[in-house]
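Participant: Take a look at the following structure, please.
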Amino acid sequence: MVRESTLMWIQYITGLGILVLGALHFASLTFLVQGGYPNALSYANVVYDRYEDPLWAAALEAFLALLSYHVFNGFRVLLLELNQGSGWTKAVNVTMALAAIAAFLYGTRTILVFHLGGAI
């Protein structure tokens, strides 16, 4: 079992990663688009140009992984503050881990669908 302090360090590191990749994601959807902000609202420019590029797809996948851990671990910590006990702790840990995995897999499926042009 991983120590709680280690999980919190991972929480802080994922928070920093979310800040960096979130800023890159926001910038890539607004002012880094070719043609400026008016073209940023074009579906073809935003979705197809970004998802077809393997580097952008990998960045989105990394962003998804960081968000999945950070959100569900934060929610886990909040739930563990509500109640104490080994049964509750185990149930919360398993539930949050399964929810994080499910969210990550669903997000990965979405990225792959767009990256492969709707082939899945």
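Just so it is clear, none of the values below were taken in a lab; they were calculated from the coordinates. Values in this document were obtained by computation on a predicted structure and should not be read as measured data. No Cβ is skipped: glycine too gets one built from the backbone with ideal geometry, and neighbour counts run over all protein chains shown.
Participant: Rg/Rh for the chain to two decimals, with Rh computed the Kirkwood way over all alpha-carbon pairs. Don't skip to the end; give the middle numbers.
Facilitator: Working: Rg = 17.6 Å, Rh = 16.2 Å.
Using Cα coordinates only, the ratio equals 1.09.
Participant: If you don't mind, there's one more thing I want to ask. For Arg3 and Val113 in the same chain, what is the full-extension length gain: residue separation times 0.36 nm, less their Cα-Cα distance, in nm? Don't skip to the end; give the middle numbers.
Facilitator: Working: separation 110, 0.36 × 110 = 39.60 nm, distance 3.69 nm.
Gain in length upon complete extension: 35.9 nm.
Participant: What distance in nm separates the simple spin-label points at Leu79 and Asn39, each placed 7 Å from Cα in the Cβ direction?
Facilitator: Computed distance between label sites Leu79 and Asn39 equals 4.5 nm.
Participant: Grab the other residues whose beta carbon is less than 14 angstrom from that of Ala97, score K and R as +1, D and E as -1, and report the net.
Facilitator: +2
Participant: Mind giving me the nanometre distance, one decimal, between the label points for Ala102 and Val20, set 7 Å out from Cα along Cα→Cβ?
Facilitator: 3.2
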